[in-house]
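Have a look at the structure below before the remarks.
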Amino acid sequence: MTEYLIRRILQSVLVLFLISVLSFALMHAAPGGPTQIMLSPGLSQEALEIQKRNLGLDQPVHIQYIRWMGNILQGDLGTVFKTGIPVGDILWPTVGNTMILMGAAWLVTLIVALPWGIYNSTRVYSISDHAANFIAYLGFAMPTFWFGIILQKYLALKLKWFPLSDMWSFGKKGDIGDLVWHLVMPVTVLSLSFLASYVKYARASMLEVLHMDYIRTARAKGVKERVVVFRHALRNALIPVVTIIGLDFPLLVSGAALTEKVFNWPGMGRLFVDMALAREYSVLMAIVLVTAVFVVFGNLLADILYAIVDPRVQLSRKGGRA
Amino acid sequence: MSASDSALQAVKKSPGPWKIAGRKFVRNPYAMAGVFVLLFFVFVAIFAPILTPYDPAKIDLMNANLPAGSEGHLLGTDELGRDILTRLIYSTRVSLTVGFSVALASVLIGTVIGAISGYFGGWIDTILMRFVDVMYSLPSLFINILVLTLWGSSFGYMIMVLSFTSWMGVARLVRGNFLQLREMQYVEAAKAIGVSNVSIIFRHLLRNSIHPIIVYATLMVGSAILSESALSYLGLGIQAPQTSWGLMLSNAQEFMLIQPQLALYPGLCILVLVLAVNFIGDGLQNALNPKEKKKIPMRRLQQWRNEYLKSAN
């Protein structure tokens, strides 16, 4: 276990290092390089040289990388180019907002999907089973942002049941009821993309367990069906489902850019899109790195969790997820 | 004698695996419906100039915001007086081009990397698979946006960056297949008679793993179409004089109070086209891998999820 743990952690650090190199290279490979991107236009040659030196752009590339990385490891993500505000100041609040949105969507999905999947596993090919299939096909073929726009059109503009966009009503910041009100539509949109697959996972996992010998033994002993399903089968069936839920954890941070854009939710995804249109590269790089850290460590956590919950997992297997 | 003769003939006449798969595919109503819908879209894309008399980019402010069913404008016009049906028709071209070229390009990249990784193994495999891990850990939508802002939004860059961020699934699939196949005896035999590595990879191993690759490629078409619409919606994909369903949706949201029905059509087009492609992929999966009998196999679902959640959310 310890050896596995150490190897997985080293692997994750290596992947993170490569990601930082890749995103740094991406910046420098852009036409004109960072010089053109970060320098103010219309400067004289002399002023250009001074500004270059101040920004450290006259150094060789690897020195620039080390300096950049050193700053980031000390928690300095750089500054917003146009305003001079530290990137962290505008980034961290949006991470929290995204987590509120995605956490709510995730929770709603679990509450709906797990019971539904378990029910479907006991009634295979029933109407409810086909309905889940239908939602899966629909969910995977539909552009989420379109679904969001349609909800806005009918539920917000026509019926006026829910607010059109944003996180709080004007002057109501901090009011939990108002927040929930604003959450309904984006959560519906996001849940649709999770829902179908969680139902399927729960169902498939339950079906696998329900065909095992010990379930037959339990039934043969005359154990009530309810007890068979919930006490005997469910415990083992939940293991793979829990892992998949763990693997989805990084999506809590990165997964909602379009939904946030449609509903004007002040999250990290929307910040990324807005900053991309404003060409604020230090913010973009910071968001990419922060997301990658979440993804890599989320996956690491899921792998470790899986190894703890299910001792059958071969700890010596090569090349886990990074 | 005659009995064994006819038996021999029966053996000779047994249809090949492709024919069996073809028959199975044709009998699948969902898959065939998907094929007809796709063919319809391809037809519309090719004959766009014949199907509509208007220019999709022509601005005609005299006829702006006409409602659906106006004379000469079946679905009405948008805020700049452009015929909506015409724009829908021309957008088909963009979606199909992006869908198929991204699927093709990423399958090519993924197959080559996966094949090399799986066939040679060892440190080559380790390095390439770490690279795949890196690419998987990067949020694709963010990378797509980043590259398009750095390089500027053009059609070519969009196809390039979408391919570059979506080949990893194929690579893992091909690698897994090759890891199993390279232990087969016919590979040993081929090596023994001096067949080169390249020949073994392309003539022997690739042919035996072509089925899952085809299925995967089909699904990639759908996810590429979704990604294109997302990027265009954000204003980073297809640019203004050109037209695309995603771009139309972004206009529609702006003018939702004036013309609410604008938002409906482009989204429906995307939905129907992607649904059709996914049905075809499903039909291929059932026809080519008879072992899989579930309605939506788990592995497929995982593929969808990866594609979908990373790119289209």
Among (1) at pLDDT 75 or above; (2) within 14 Å of another protein chain (Cβ to nearest Cβ) - the single one A:Val228 does not satisfy:
(2)
Tell me yes or no: at least one residue of the range A:86-104 is closer than 30 Å to A:Val229 by Cα and assigned to a helix (DSSP H, G or I).
yes
Complete set of residues in the range B:237-275 that are under 27 Å from B:Ser106 (Cβ atoms) and modelled with pLDDT under 85:
B:Gly237, B:Ile238, B:Gln239, B:Gln242
For the range B:143-171, give me the residue count where each residue is under 20 Å from the mean Cα position of the chain (by Cα), free of Cβ contacts under 8 Å to residues at least 60 places away in the same chain and more than 18 Å from B:Ser244 (Cβ to Cβ).
3
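If I go through the range A:264-300 residue by residue, how many of them are among the β-branched types (Val, Ile, Thr) and more than 28 Å from A:Gly148 (Cα to Cα)?
Qualifying residue count, the range A:264-300: 2.
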When you check A:Ile100 against the structure, is it in contact (Cβ under 8 Å) with a residue 60 or more places away in the chain, hydrophobic (A, V, I, L, M, F, W, C) and within 14 Å of another protein chain (Cβ to nearest Cβ), yes or no?
no
Could you list, ordered by first residue, the pairs with Cβ atoms under 7 Å in which the first is in the range B:55-79 and closer than 17 Å to B:Pro266 by Cβ and at pLDDT below 70 and the second is aromatic (Phe, Trp, Tyr) and outside any loop (DSSP other than H, G, I, E, B), at least 6 apart or interchain?
none
Step by step: first the residues of the range B:280-301, then only those that are at the interface with chain A (Cβ under 8 Å from one of its Cβ atoms) and assigned to a helix (DSSP H, G or I), then the one that is modelled with the highest pLDDT. Which residue is that?
B:Leu301
Looking only at residues that are among the β-branched types (Val, Ile, Thr) and either within 14 Å of chain A (Cβ to nearest Cβ) or in contact with a strand residue (DSSP E or B) (Cβ under 7 Å, 6 or more places away or on another chain) (or both) in the range B:190-231, which one is nearest to A:Ala278 (Cα to Cα)?
B:Ile225
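If I ask for residues that are in a loop (DSSP other than H, G, I, E, B) and on the phi < 0 side of the Ramachandran plot, which ones from the range A:54-85 would you list?
A:Leu57, A:Asp58, A:Gln59, A:Pro60, A:Gln74, A:Asp76, A:Leu77, A:Val80, A:Phe81, A:Lys82, A:Thr83, A:Ile85
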Residue count, the range A:270-288 (criterion: over 17 Å from B:Gly235 (Cα atoms) and facing chain B (nearest Cβ under 10 Å))
4
May I ask you to verify whether A:Phe162 is buried (at least 17 other Cβ atoms within 10 Å of the Cβ), among the aromatic types (Phe, Trp, Tyr), more than 9 Å from chain B (Cβ to nearest Cβ) and closer than 29 Å to A:Thr94 by Cα?
yes
Check off (1) over 21 Å from the mean Cα position of the chain (by Cα); (2) farther than 30 Å from B:Pro260 by Cβ; (3) surrounded by 12 or more Cβ atoms within 10 Å (Cβ to Cβ); (4) modelled with pLDDT of 85 or more for A:Ile150 and give me the number that stays unchecked.
(2)
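Residue check: is A:Ile244 within 12 Å of chain B (Cβ to nearest Cβ), of a type in the set (A, V, I, L, M, F, W, C) and surrounded by 13 or more Cβ atoms within 10 Å (Cβ to Cβ)?
For A:Ile244, the condition - within 12 Å of chain B (Cβ to nearest Cβ), of a type in the set (A, V, I, L, M, F, W, C) and surrounded by 13 or more Cβ atoms within 10 Å (Cβ to Cβ) - is met.
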What tally of residues in the range B:232-267 results from selecting those that are part of a helix (DSSP H, G or I) and either farther than 15 Å from A:Thr144 by Cβ or more than 10 Å from chain A (Cβ to nearest Cβ) (or both)?
11
Leading residue by the ranking (farthest from the other protein chains (Cβ to nearest Cβ)) among those in the range B:268-279 that are within 15 Å of the chain's Cα centre (by Cα) and not aliphatic (A, V, I, L, M):
B:Phe279
Test set (1) closer than 13 Å to B:Gly110 by Cα; (2) at pLDDT 90 or above - B:Leu206 fails condition number
(2)
Being surrounded by fewer than 24 Cβ atoms within 10 Å (Cβ to Cβ) and either among the acidic types (Asp, Glu) or without any contact (Cβ under 8 Å) to a residue 60 or more places away in the chain (or both) is the filter here; which residues of the range A:254-274 pass it?
A:Val273, A:Asp274
Which ones in the range A:187-227 are of a type in the set (Gly, Ala, Ser), crowded, with 23+ Cβ neighbours inside 10 Å and more than 30 Å from A:Asn264 (Cα to Cα)?
A:Ala202, A:Ser205
Select from the range A:112-141 the residues that are more than 10 Å from chain B (Cβ to nearest Cβ), surrounded by fewer than 17 Cβ atoms within 10 Å (Cβ to Cβ) and out of contact with any Leu (no Cβ under 9 Å at 6 or more places or on another chain) and write down the one among them that is nearest to A:Ala202 (Cα to Cα).
A:Pro115
Which numbered condition in (1) within 8 Å of another protein chain (Cβ to nearest Cβ); (2) surrounded by fewer than 21 Cβ atoms within 10 Å (Cβ to Cβ) is the only one that B:Phe155 fails?
(1)
Flagged in the range A:229-241 as among the β-branched types (Val, Ile, Thr) and surrounded by fewer than 19 Cβ atoms within 10 Å (Cβ to Cβ), in numbering order, are A:Ile239
Can you tell me how many residues within the range B:109-124 are in contact (Cβ under 8 Å) with a residue 12 or more places away in the chain and within 19 Å of B:Pro212 (Cβ to Cβ)?
10
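For every residue, the table says whether it meets (1) at pLDDT below 80; (2) assigned by TED's automatic domain parsing to the domain that holds A:Asp274; (3) β-branched (Val, Ile, Thr); (4) within 30 Å of A:Ile304 (Cβ to Cβ).
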site	(1), (2), (3), (4)
A:Leu10	no, no, no, yes
A:Val15	no, no, yes, yes
A:Ser20	no, no, no, yes
A:Gly32	yes, no, no, no
A:Ser44	yes, no, no, no
A:Ile66	no, no, yes, no
A:Lys82	yes, no, no, no
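The values are calculated or read from the model by the stated rules, or taken from the named source; none is laboratory data. A quick note: this is a predicted structure, and the numbers were derived from the prediction, not measured. Heads up, the Cβs are rebuilt from the backbone with ideal geometry, glycines too, and the neighbour counts pull from every protein chain shown.
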